[in-house]
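One structure below.
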Amino acid sequence: MNTPNPERLPAEQMLLEHYRAHETGQPSAELDAMILAAAREAVAPARPSLLARLRDLLRRPQRFALAFGSLASMALVLGLVLKGLPQEPSIDDRQVAPVLREELGESLAAKRKQELPRTAVPSPAPLNREAARMSAAPSVEALADQPAAAEIADVDAGYAPQSIRKPLVPPLISELDEVLSEVLQLREKGLDEEAQQLLQALREAHPQLDLDARLEQLQHPDGP
Amino acid sequence: MSAATTDQPENDAALLRRYRRGDADAFAVLYARHRLGLFRFLAGLCGDASLAEEIFQETWLSLVRSASEQQQASVQFRSWLYQIARNRLIDHWRKHGKRQGLQDVFDEQLHDSPADEPGPEQQLDLSRDRQRLQAALDDLPQEQREVFLLRAHGDMELHEIAELTHTPAETVKSRLRYALSKLRRLLADPAPTEEVCR
């Protein structure tokens, strides 16, 4: 704002004030915006190079590097375990039934054989009739197999596990649970992005596992 | 907002330094402080709003692009800014072959009344019509108009105007006196339309 200069003549000051008061010209809003934008652009920091951005990415917060490092270590351990150690029989419900079927079938077949009536050596006359009857009857093996199959079907129906839809390698569940617990902790701290990235990495490493279901179990151990 | 006052040169220099060090907000403050005065100086001097915008834009962009931090401590930012604007306008006129200020001497002789201070009754009645105000300015010789506008919108002292225009201080004083005298005469006689509107 202009303040009256006491050294100036009143008439001069009055005329100056008059012109200032009645002059309404001003730059357009677009021109103002353009000049301010140019000024801002002139002092804006330069976009860092690709190498600098990569370096910055690698120096990101420790928690992310730690989670990723843990995941990488675990993936390495998993790979070694799966390749080097002898395969333990997996708890697979789809494999259980055939195994049981086979075993049960053998035992039941043996049992059936024992339970079948012992036929004495028939007299020649009745032997013909007995032979005819026996020829019409199914063979021992056939008799042994049929009930066993039926019984095994009952066994299958009664046995079918419902809890685990997908197999988990027992010795490695605790390690996975640890990482999944880490995911839950990240979520609790509000670090949703990091949690999601860790979970996504786990999914890619173990596509056959239902990690979401396991996460749910860990979060609600007593059930929903 | 009007032109900057004389007690802000140090603040202007500090703002400019901050801007050069990357503070865009400092530029925005400088711009807001001087934009109206500079624009009205240019508009009054050339009488063409679009040309005034063009020179106004060139002036500020020239400042933005310049790496200088106003090295001369004695030069105020405001004077420096108006100097850039004045030079840009003169360059434009030279490029387009416009005549400048040839009527100065003749006009002063014709309207020579250095001690012509109006009485109180004459000071009250000046036209407020924008077109008449601009027409009165246009009627001034170029150098007188420039001095008056630097005084009115740049709020500069005589020695600052002298330095900016590379003119002796006494010449600046004389030009201002004649400019005021003529403007007063031109604006003191309101048009019939203004009489009706009051």
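A short reminder: the numbers here are calculations on the coordinates, not readings from a lab. Computed from a prediction, not measured in an experiment: that's the story for all the values here. Neighbour counts are summed over all protein chains in view; Cβ atoms, including those assigned to glycine, are modelled from backbone coordinates with ideal geometry.
What is the order of A:THR24, B:THR171, fewest Cβ neighbours within 10 Å to most?
Fewest-to-most ranking of A:THR24, B:THR171: A:THR24, B:THR171.
Which order do the peptides A:176-186, B:25-35 take when ranked by the mean count of other beta-carbon atoms within 10 Å per residue, highest first?
Ranking the peptides A:176-186, B:25-35 by packing returns B:25-35, A:176-186.
Full extension from B:ASP48 to B:GLN83: what is 0.36 nm times the residue separation minus their Cα-Cα distance, to one decimal in nm?
10.7 nm
Expressed as cubic angstrom per residue, what is the convex hull volume of the alpha carbon set of the stretch B:9-96?
Enclosed volume per residue, from the Cα hull, is 93 Å³.
Can you tell me how much longer the chain between A:ARG47 and A:LEU80 gets when fully stretched, taken as 0.36 nm per residue apart minus their C-alpha distance, in nm with one decimal?
7.6 nm
Could you list A:SER28, B:SER174 so that the one with the fewest beta carbons within 10 Å of its beta carbon is first and the one with the most is last?
With the sparsest Cβ surroundings first, the list reads A:SER28, B:SER174.
At a Förster distance of 25 Å, what's the computed FRET efficiency of A:GLU216 paired with A:LEU58, Cβ-Cβ distance as r, to 0.05?
0.15
Going 7 Å from the Cα of B:LEU61 along its beta-carbon direction, which residues of the stretch A:38-57 have the amide nitrogen within less than 19 Å of the resulting point?
Only A:38-44 pass the distance filter.
Neighbouring Cβ atoms within 10 Å as the yardstick, rank B:LYS173, B:LYS95 fewest first.
So the ranking, lowest neighbour count to highest, is B:LYS95, B:LYS173.
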